[in-house]
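*Asks:* Below you'll find the structure I mean.
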Amino acid sequence: MSSPMDRKQEQREAAHPVDPASGPLTTDQGVAVDHTDDSLTAGERGPTLMEDFHFREKLTHFDHERIPVGVPPRL
């Protein structure tokens, strides 16, 4: 008998299939990126660097997202 966690994982995989042939993760300019969780810093606990173009791109996208609550309805 499968556990509830196994069934939940099966539901997730069925709802969001991962296509291994979808290609590598890329930036808006098409540059391949290994992962998006880390950023370049000045030292172990230093500030992030301006040279980290991928982090700045992600931050810009986050800052420019439309928040549906703040958008007035069209009449």
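Every number here is computed from the coordinates shown, using simple stated rules; none is lab data. A quick note: this is a predicted structure, and the numbers were derived from the prediction, not measured. Neighbour counts are summed over all protein chains in view; Cβ atoms, including those assigned to glycine, are modelled from backbone coordinates with ideal geometry.
*Asks:* With +1 on each Lys and Arg Cβ and -1 on each Asp and Glu Cβ, how big is the dipole of the stretch 24-66 about its Cα centre, in debye rounded to the nearest 20? Please list the in-between numbers first.
*Replies:* On the way: 4 positive and 10 negative charges, 24 e Å.
Roughly 120 debye for the stretch 24-66.
*Asks:* Using θ = phi - 60° and the Karplus curve 6.51 cos²θ - 1.76 cosθ + 1.60, what whole-Hz ³J(HN,Hα) does each residue of the stretch 3-12 get, with Gly and Pro shown as x?
*Replies:* Each residue of the stretch 3-12 in turn: 7, x, 5, 5, 5, 5, 5, 4, 5, 4 Hz.
*Asks:* Helix 53-63 versus the longest principal axis of the chain: what angle, 0 to 90°, nearest 10, using Cα atoms?
*Replies:* Helix 53-63 sits roughly 70 degrees off the main axis of the chain.
*Asks:* Then there's this: Counting only C-alpha contacts under 8 Å and six or more residues apart, can you give the relative contact order of the stretch 24-66 as a whole percent?
*Replies:* Relative contact order here is 23 percent.
*Asks:* I would also like to ask the following. Relative contact order for the chain: what percent, with Cα pairs under 8 Å and sequence separation of 6 or more?
*Replies:* Taking the mean separation of contacting Cα pairs over the length of the chain, I get 13 percent.
*Asks:* Find me the longest stretch of the chain that has none of the exposed trypsin sites (Lys or Arg not before Pro), where exposed means in a DSSP loop (not H, G, I, E or B) with at most 16 other Cβ atoms within 10 Å.
*Replies:* Counting only loop sites that pass the neighbour cut-off, the longest clear stretch is 1-44.
*Asks:* Another one. Which is the longest stretch in the chain that no exposed loop site breaks, taking sites as GluC sites (Glu not before Pro) with a DSSP loop state and at most 11 other Cβ atoms within 10 Å?
*Replies:* Details: sites that count: Glu44, Glu51, Glu65.
The answer is 1-43.
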